[in-house]
1. Based on what the data block shows, is B:Leu303 at pLDDT 95 or above and either out of contact with any helix residue (DSSP H, G or I) (no Cβ under 9 Å at 6 or more places or on another chain) or of a type in the set (A, V, I, L, M) (or both)?
2. Restricting attention to the stretch C:45-91, which residues are within 7 Å of another protein chain (Cβ to nearest Cβ) and at pLDDT 90 or above?
3. For the stretch A:139-170, enumerate the residues that are among the polar types (S, T, N, Q) and under 18 Å from A:Arg58 (Cβ atoms).
4. Do we have A:Val39 as in contact with a strand residue (DSSP E or B) (Cβ under 6 Å, 6 or more places away or on another chain), open to solvent by 10 Å² or more (accessible area, probe 1.4 Å) and either assigned by TED's automatic domain parsing to the domain that holds A:Val126 or not polar (S, T, N, Q) (or both) here?
5. Looking only at the stretch A:256-270, how many residues end up being more than 10 Å from A:Leu227 (Cβ to Cβ) and touching a Ser or Thr at 6+ places or on another chain (Cβ under 9 Å)?
6. Does C:Glu21 meet the test of being more than 9 Å from every other protein chain (Cβ to nearest Cβ), open to solvent by 30 Å² or more (accessible area, probe 1.4 Å) and modelled with pLDDT of 90 or more?
7. Determine whether the stretch B:185-202 contains at least one residue that is of a type in the set (Phe, Trp, Tyr) and open to solvent by 10 Å² or more (accessible area, probe 1.4 Å).
8. Select, from C:Leu165, C:Leu141, the only residue that is at pLDDT 90 or above and either over 23 Å from C:Lys234 (Cα atoms) or within 14 Å of chain B (Cβ to nearest Cβ) (or both).
Amino acid sequence: MYKFPYKDIISTKQFTRNDLENIFSIVKEMEEIVKSAKVSRLLEWKIMWSLFYEPSTRTRLSFESAMHKLGGDVLTVSDWSTSSLSKWESLEDNAKINSIYCDILTIRHPEVWSAEKTAKSVSKPVINAWDGANQHPTQSLLDVYTILKENKRLDNLHIAIVWDLKYGRTTHSLVYLMWLFENITFTFISPEELKMPEKVISFLDEKNIKYSKINDYKQWIKDADVLYVTRLQKERFTDLSEYERLKNDFILTLDVLKNAKKDITIMHPLPRVNEVSHDVDKLPNAAFFRQAENWLYVRMALLYLLLNQSEWKEFSSD
Amino acid sequence: MYKFPYKDIISTKQFTRNDLENIFSIVKEMEEIVKSAKVSRLLEWKIMWSLFYEPSTRTRLSFESAMHKLGGDVLTVSDWSTSSLSKWESLEDNAKINSIYCDILTIRHPEVWSAEKTAKSVSKPVINAWDGANQHPTQSLLDVYTILKENKRLDNLHIAIVWDLKYGRTTHSLVYLMWLFENITFTFISPEELKMPEKVISFLDEKNIKYSKINDYKQWIKDADVLYVTRLQKERFTDLSEYERLKNDFILTLDVLKNAKKDITIMHPLPRVNEVSHDVDKLPNAAFFRQAENWLYVRMALLYLLLNQSEWKEFSSD
Amino acid sequence: MYKFPYKDIISTKQFTRNDLENIFSIVKEMEEIVKSAKVSRLLEWKIMWSLFYEPSTRTRLSFESAMHKLGGDVLTVSDWSTSSLSKWESLEDNAKINSIYCDILTIRHPEVWSAEKTAKSVSKPVINAWDGANQHPTQSLLDVYTILKENKRLDNLHIAIVWDLKYGRTTHSLVYLMWLFENITFTFISPEELKMPEKVISFLDEKNIKYSKINDYKQWIKDADVLYVTRLQKERFTDLSEYERLKNDFILTLDVLKNAKKDITIMHPLPRVNEVSHDVDKLPNAAFFRQAENWLYVRMALLYLLLNQSEWKEFSSD
C-alpha cells in the first residue's frame with residue numbers, strides 16, 4: 001500500500017512520477033465514491049481550516065466540498081486580510097494557534113513561500129492553495145489527472161499551451177509536472193507580452209525537454225494531443241490597444257479546431273472570459289467542465305492522503 | 001408513495017393541490033423529527049450550495065439549518081455579488097461549475113427568472129430563494145402550511161392581507177397558492193400607494209375568486225379567519241409624510257382585534273417594524289413565531305423531496 | 001453525576017467552586033477525546049448559532065471547532081452588525097427567531113448585559129462570548145483550567161497579572177474566578193494609565209483577598225506562581241509617547257525571568273504584540289500555546305454540558 005511520504009503539499013516540484021501514479025489511483029477511488037453516491041466517513045470529524053488571505057471562491061469551495069464529501073468539517077476565514085489580527089500578529093504565531101483548532105490547514109497567502117513557512121511552524125499538514133506568484137500545486141495535479149483520464153496516457157504527448165503564459169501560473173506548474181513523463185513536447189502560443197518566463201524555459205533546457213514557441217494557432221494545431229487554454233485578462237496588459245487587437249484573434253472556435261486531431265483534449269482552468277467560444281463546449285473532447293469536476297476528486301484524494309499518513313484505513317463506506 | 005414530480009422549485013405556480021397535500025404530510029414528519037430530537041441522517045453527506053447574490057441572513061440560515069438537521073452539509077457564498085468572478089463570468093458557466101461541488105443549489109439573485117435560467121443549465125436541483133421582483137416559492141409554502149396547522153383546514157377560509165401589498169411579494173405568492181383550495185375569500189387592506197398590483201387582481205378575476213379591497217382594519221375584521229400582516233417599510237414611500245400619517249394608524253393592537261373572531265390566525269413573515277404591537281404576541285392565535293418555526297420544517301421537507309426523487313428512502317433515524 | 005445547574009453561561013460570577021471542579025473534570029474528558037482522535041458524536045446534529053455582532057476570528061473559530069469535534073454543526077453570522085436587519089429589529093425578536101434554527105446560541109454583542117437579555121427571551125441555552133465592557137466568562141474558565149493543569153492546584157497561589165489591567169477584561173474575570181479558591185494572592189503590575197479598575201479592587205477588599213500593586217517586573221517576580229501577561233495595545237494610550245516609553249520596558253525576556261521561580265507558569269491570552277519575547281516560547285513553563293489549546297477543550301465541555309442538561313448521556317465514541 002502506497003504511504004504518502006509528505007506532511008505537506010507545498011510545491012509541484014516535490015512529486016515523483018511514482019507519487020503521481022499512486023495519487024491518481026486514489027483519485028479514481030474518490031471519483032467512484034462520489035459517482036456511486038456512497039456515504040463516506042473516511043475523514044469523519046476531521047476539521048480543515050480554510051485560511052484565504054486572498055479571496056478565491058472556487059478553490060476554497062472545491063476544497064470545502066471535498067472535505068464534506070468525506071464526512072469532514074470545515075472552518076472558514078475568507079477575509080483574513082481585512083482582520084485587524086493579521087496586521088500585527090506574526091504569520092508563525094497565527095499558524096501555530098490556528099493549527100490547534102483544526103486537523104489540516106489550507107492556505108492562500110500573497111507572499112511567496114508563505115505556505116512553506118507556515119508548514120514549518122506547525123505540526124499539522126498544510127496545503128498550499130497559492131502562495132503569491134509562486135505555486136498552486138493542487139491545481140497542477142488535477143490538470144495532469146485530467147490529461148490522464150482524457151488521453152488515457154501521460155507519456156508520448158504533445159501539449160500546446162495558449163495565451164497568458166506569463167501570469168497564468170497554472171501553465172508553469174503544468175510544465176513542472178509533465179516533464180516527469182516520457183517523450184513530452186510542448187508548444188507555447190502567446191503574444192510576445194505574455195510569453196513563458198525565462199525560469200520555465202531554462203528549466204526545460206536543463207531537463208532537455210522539447211518545446212517550441214509560436215504565436216499563431218493555426219500553424220501547429222494539427223500536432224497537439226492536448227490544448228491548454230488560459231484566460232486573457234485585460235488587467236495584464238500595459239497597452240490596452242494591444243489587448244483589443246488580440247482578444248478576438250485568439251478565440252478558440254470550431255473553425256480553428258478544423259485542423260486539429262479528432263481526439264485533441266481541450267482544457268481550460270476556468271473561469272473563461274471569451275477565449276473559448278461557447279460552440280466548442282459541445283465537442284466530446286471539450287474537457288474543461290470535466291476538468292473542473294476533477295478539482296473535487298483530486299482534492300478529496302489529497303486531503304485523505306495527508307490525514308491518513310500514520311493511520312491508513314481501507315476504503316469503506318457504511 | 002408520493003413521488004416529487006419536479007427537479008426544481010422555481011415558482012408557486014408549479015404546484016397542484018395534490019402536490020401541496022403530499023408536501024405537507026412530509027413537513028409534518030420533519031416537524032416530528034426536530035421535536036423528538038431524533039438524529040436523522042436522511043441527507044447525510046449531501047451538500048447544499050447557498051448562493052446569495054443578495055444578502056438575506058434569515059432565509060439563508062433557515063435553509064442551512066434545515067440541511068444540517070437532516071445530516072447534510074452546506075457551502076456558503078453570501079457575498080457573491082462583490083466577487084470579481086461575478087463581473088464577467090456568465091450565470092450559466094458559473095452555475096455549471098458550482099453545481100459540480102454540491103448536490104443542490106439554493107439561489108437568490110436579483111434578476112427575474114434567474115433561478116429558472118440556472119435550473120435549465122445544470123442537472124442538479126435548484127431552489128429559488130427569491131428572483132428579484134418575481135417569486136419566493138418556499139416562503140409561500142410555509143405560509144400555507146401555517147394556515148393548515150393553525151386553522152386545521154385550507155378550504156372555506158376568509159383571508160385578510162394587510163399593508164404593503166405592492167412590494168410584499170409574499171402576499172402575491174400566498175394568493176397564487178391559496179386559490180387552489182375551495183371557497184377562499186380575500187380581503188386586501190392597504191393604503192392606495194401600496195395596493196395589490198393589477199397582475200394579481202387579474203389573476204383573481206380570471207380564476208373567479210372572491211376578493212374585496214378596503215383601507216380600514218375595523219370594518220372587516222369580524223369576518224377574517226386569517227390575518228396576514230406585512231412589514232411597512234419607510235423606503236417604499238415616495239412621500240414620507242404619507243408614511244408618517246399611516247404608520248400609527250395601521251398598527252395591529254389588542255384593541256383592533258376586539259372585533260375579530262376568537263380563533264383568527266395572526267401571521268407575519270417577520271421581521272416586523274412596529275406594525276404588530278408587542279402585546280399581541282401573547283395571544284394564543286398570534287402565530288408569527290410558529291410561522292417562523294415552519295420555515296425550518298418546510299425547507300427540510302423540500303430539500304428531502306428534491307434530493308430523494310430517484311431514490312426514495314423510508315423515514316428512519318438511527 | 002454532576003448536573004449542570006444553568007441554562008446559560010452569562011457571567012463568571014455565576015459559578016461556585018463546586019461547579020468549576022465538576023466542569024474541569026469534563027474538560028479533561030474532552031481533552032482525551034481530542035488527543036486520542038476518537039470520533040465523538042455527543043452533539044450529533046446539534047446546531048450552534050454563532051452570532052458575532054463584533055468580529056472575533058479566534059473566539060468564533062474555537063467555538064466552531066469545539067462544536068464540530070463533538071459531531072455538531074454550526075451556523076455563522078460573522079457580520080451581523082452590517083446587516084440591514086440589525087438596524088431596526090429588536091434584539092429580543094431577533095433572538096427569538098434565531099433560536100428556532102439552532103440548539104444553542106453563542107453571542108458577542110457590544111452592549112453590556114446583551115447576552116443576559118438574549119438568554120431571557122429564548123428557551124435555548126445562550127453563551128456570552130463577550131458583552132461589551134462586561135464579561136467573557138468562557139475565557140476565564142479556560143484561564144483557570146490552565147492554571148490547574150500547569151500548577152496542579154488552584155489553592156495557595158500567587159498570581160501576578162501584567163500590563164493592560166484597565167481594558168484587558170480577561171484579567172478582571174480571572175480575579176472573579178480565582179477568589180473562589182483558598183489563599184490566593186494577586187500582584188497587579190501596570191503603568192498608572194492602565195491600572196486595575198476600582199470595581200475589581202473594591203471586590204477584592206470586600207472579599208478580603210490579598211493583593212498588591214506595583215509597576216516594575218523585577219521586584220516581585222520571585223514570588224509568583226503564575227504570571228499572566230496581557231497585550232499592550234497602542235490604541236489604548238491617549239499619549240503615544242507614553243506607549244513608546246513603556247513598550248520596551250515591559251517586555252518579558254529570559255533575563256527578566258532569571259529571578260522567577262523555576263516552575264512559574266507563564267500565560268498570555270494571545271495574540272501577542274511584542275510583550276513576550278520569542279525566546280521565552282521555548283521554556284517548558286511557557287504555557288500560552290497550551291492555554292490556547294485549552295480554549296478548545298473548555299468550550300467543548302461547556303457546549304456539552306449546556307446541551308445535555310436534561311438528557312445526560314454517558315461518554316462514548318463509536
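The values are calculated or read from the model by the stated rules, or taken from the named source; none is laboratory data. Please read these numbers as outputs of a predicted model, since none were measured by experiment. Don't worry about glycine lacking a Cβ; one is built from the backbone with ideal geometry, like all the others, and counts go over all protein chains shown. The accessibility values were calculated without ligands, DNA or RNA, using every heavy atom of the protein model including side chains. Shrake-Rupley method; radii C 1.70, N 1.55, O 1.52, S 1.80 Å.
1. Details: at pLDDT 95 or above: yes; either out of contact with any helix residue (DSSP H, G or I) (no Cβ under 9 Å at 6 or more places or on another chain) or of a type in the set (A, V, I, L, M) (or both): yes.
Criteria met by B:Leu303.
2. Selection gives C:Ile47, C:Ser62, C:Glu64, C:Ser65, C:His68, C:Lys69, C:Gly71, C:Asp73, C:Leu75.
3. Filtering the stretch A:139-170 for residues among the polar types (S, T, N, Q) gives A:139-140, A:146, A:151, A:156, A:170.
Within the stretch A:139-170, A:Gln139, A:Ser140, A:Thr146, A:Thr170 meet the criteria.
4. Values: in contact with a strand residue (DSSP E or B) (Cβ under 6 Å, 6 or more places away or on another chain): no; open to solvent by 10 Å² or more (accessible area, probe 1.4 Å): yes; either assigned by TED's automatic domain parsing to the domain that holds A:Val126 or not polar (S, T, N, Q) (or both): yes.
No; evaluated as a whole, the condition is false for this residue.
5. Qualifying residue count for the region: 1.
6. Details: more than 9 Å from every other protein chain (Cβ to nearest Cβ): yes; open to solvent by 30 Å² or more (accessible area, probe 1.4 Å): yes; modelled with pLDDT of 90 or more: yes.
Yes: the conditions hold for C:Glu21.
7. There is no residue in the stretch B:185-202 that is of a type in the set (Phe, Trp, Tyr) and open to solvent by 10 Å² or more (accessible area, probe 1.4 Å).
8. On the way: C:Leu165 fails: either over 23 Å from C:Lys234 (Cα atoms) or within 14 Å of chain B (Cβ to nearest Cβ) (or both).
On inspection, the qualifying residue turns out to be C:Leu141.
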